[in-house]
Structures are given as C-alpha cells and as structure tokens.
Amino acid sequence: MEVIFELKKAPEWANEINDEIKSSFSSYFETTPLLGSDAWWDAINEDVINGKITHLGNIVEEGELVDIVSTQPFEDFNGDGAHSIGQPEFSVIREDFWLNEAEKPKALVQIKSVTICPSGELDEHSIYIETEVIVN
C-alpha cells in the first residue's frame, strides 16, 4: 500500500479555505475548530471509500479530451442484499497527487474525505476535501 496523498502533512492547505469561511459564514467557527488544526483533525469524521481503479487515462467529455481516473466503490447503499443499490463509478481529473505512478487499472484504492458545510447544510457552499488516498 502506498499513501499517495495525506492532507494532514500539509497544514498550510487550510488557510485560504478558513479565510473564505470567515468572510462568508463567520459564525461557523464559533462551534467548529479551524480547518487543518489539530482540534479539527480530532473532531472530523472522515468518509472512507474503498474501491478499484477501473480507468486511467484520457476520455472525450463534452468534445474535450480529459485525463481521468475512475473508481468503482465496493460498498453498496442499503446493505449487501438483493435489494441493495450499488454505488456508481466516479471519476476525478488526474492532477496533483492523482498523477502518481502507483495508480494503475485494477489497483485497489482507499479515499478518505470530509465534507465541510459552513452554512450548516449540504448546499452549494459545501466543500468536499480529500484527506488521504492510498493505492495498493
């Protein structure tokens, strides 16, 4: 297993996001620690997706060539039975840590993330943050 991305090791990432939240949702930090702080890391509940890389490379999307990595999650919604709903495959643009040579089709991947809701609701102001990515 290779950790290709670990946000906790780059604490400066949060400065700009904290500033944006302070300017638009100043009361958010009355009950929540600053993003990236030790208290924030202790308080968050990361979502974890385990899956398999199904595609790595270029596709044509809306007439443009886009370099992506696609992942098929292993988990199902509503349980593992006959009535469960499989999670859809999802893709991200290959940039930054997603360009790591450890990524290969059929490689196993674990993605940890957290969604920040400064307005108090999941809405257009919500911020999705990948916190760690491991490839095996």
Are any residues in the stretch 90-127 among the basic types (Lys, Arg) and either in a loop (DSSP other than H, G, I, E, B) or over 11 Å from PHE5 (Cβ atoms) (or both), and if so, which ones? ARG94, LYS104, LYS106
When you scan the stretch 1-33, how many residues do you find that are touching a residue at least 40 places away in the same chain (Cβ under 8 Å) and either in contact with a Gly (Cβ under 7 Å, 6 or more places away or on another chain) or within 14 Å of VAL133 (Cβ to Cβ) (or both)? 8
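Okay, residues lined up against (1) surrounded by 13 or more Cβ atoms within 10 Å (Cβ to Cβ); (2) closer than 30 Å to PHE74 by Cα; (3) polar (S, T, N, Q); (4) modelled with pLDDT under 95:
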site: PRO11; (1), (2), (3), (4): yes, no, no, yes
site: ASN18; (1), (2), (3), (4): yes, no, yes, no
site: ILE21; (1), (2), (3), (4): yes, no, no, no
site: PHE25; (1), (2), (3), (4): yes, no, no, no
site: TYR28; (1), (2), (3), (4): yes, no, no, no
site: THR31; (1), (2), (3), (4): no, no, yes, yes
site: TRP41; (1), (2), (3), (4): yes, yes, no, no
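The values are calculated or read from the model by the stated rules, or taken from the named source; none is laboratory data. Keep in mind the model is a prediction, meaning the values are calculated, not measured. So basically every Cβ, Gly included, is an ideal-geometry build from the backbone, and we count neighbours across all protein chains shown.
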